[in-house]
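First the structure, in the form of structure tokens, and then the observations on it.
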Amino acid sequence: MANILLLNGPNLNLLGTREPDVYGHETLSDVEASVRDLIESAGHTLRAEQSNREYELIDRVHEARDGIAAIIVNPGAFTHTSIALLDAFNAYEGLVFEVHISNVHKREAFRHHSYISGRADGIIVGCGVQGYELAARRILTLLALADG
């Protein structure tokens with residue numbers, strides 16, 4: 001049984017109400033429930049965290065070094081600005097899957113660069129909140145392969 005962390009950055013607590021034409025109508029609770037169902041049905045555990053504070057996200061990644069096999073992360077705007085968050089991920093040895101609800105490459109130019117992508121084992125962009133489930137499914141596949 002593996003422990004998996006679902007980590008969401010700034011403003012993702014507003015899912016469902018913030019720019020629903022871009023991010024959809026599902027709430028963060030909806031996302032967490034669907035990923036939890038998927039992860040737990042495979043016999044693993046999920047811990048879900050969200051913060052608008054960079055240092056709290058960094059602390060969660062540091063804590064993940066002890067017993068967390070994989071992280072699904074949507075860093076929000078910190079994607080494009082946080083070298084400190086990248087450094088935290090570089091010190092973490094488990095799987096990292098980066099998720100973005102919108103297609104950031106069709107948006108403003110500053111959103112095209114991600115500091116986290118260079119560390120991520122997979123990146124899912126523009127699939128709506130279903131991207132979280134896609135990341136979870138890939139992690140489950142990789143964990144099963146590792147168990148041989």
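The sole residue among 66, 59 that is part of a helix (DSSP H, G or I) and among the acidic types (Asp, Glu) is 59. In segment 15-33, the residue that is farthest from residue 94 (Cα to Cα) out of those that are touching a helix residue (DSSP H, G or I) at 6+ places or on another chain (Cβ under 8 Å) and at pLDDT below 95 is 16. The residue that is nearest to residue 56 (Cα to Cα), among those in segment 2-36 that are over 16 Å from the mean Cα position of the chain (by Cα) and among the β-branched types (Val, Ile, Thr), is 17.
Per the conditions (1) of a type in the set (S, T, N, Q); (2) buried (at least 18 other Cβ atoms within 10 Å of the Cβ); (3) within 13 Å of residue 129 (Cα to Cα), the sole criterion not satisfied by residue 50 is (3).
Being buried (at least 18 other Cβ atoms within 10 Å of the Cβ) and not aromatic (Phe, Trp, Tyr) is true of residue 2.
Quick check: is even one residue across segment 114-127 crowded, with 18+ Cβ neighbours inside 10 Å and within 19 Å of residue 24 (Cβ to Cβ)? Within segment 114-127, one or more residues are crowded, with 18+ Cβ neighbours inside 10 Å and within 19 Å of residue 24 (Cβ to Cβ).
So that you can scan it fast, the table gives a plain yes or no per residue for (1) outside any helix (DSSP H, G or I); (2) touching a Pro at 6+ places or on another chain (Cβ under 6 Å); (3) free of Cβ contacts under 8 Å to residues at least 12 places away in the same chain:
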{"residue": "7", "(1), (2), (3)": "yes, no, no"}
{"residue": "26", "(1), (2), (3)": "yes, no, no"}
{"residue": "31", "(1), (2), (3)": "no, no, no"}
{"residue": "43", "(1), (2), (3)": "yes, no, no"}
{"residue": "52", "(1), (2), (3)": "yes, yes, no"}
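Return yes when residue 65 is within 18 Å of residue 138 (Cα to Cα) and of a type in the set (Lys, Arg) and no when it is not. Here the answer is no, as residue 65 does not meet what is asked. When restricted to residues that are among the aromatic types (Phe, Trp, Tyr), buried (at least 22 other Cβ atoms within 10 Å of the Cβ) and within 15 Å of residue 121 (Cα to Cα), segment 57-96 contains 1.
In this structure, residue 64 qualifies as in contact (Cβ under 8 Å) with a residue 24 or more places away in the chain, in contact with a Phe, Trp or Tyr (Cβ under 7 Å, 6 or more places away or on another chain) and of a type outside the set (Lys, Arg).
The values are calculated or read from the model by the stated rules, or taken from the named source; none is laboratory data. In this text the structure is predicted, and so the values were computed from the model without any measurement. Don't worry about glycine lacking a Cβ; one is built from the backbone with ideal geometry, like all the others, and counts go over all protein chains shown.
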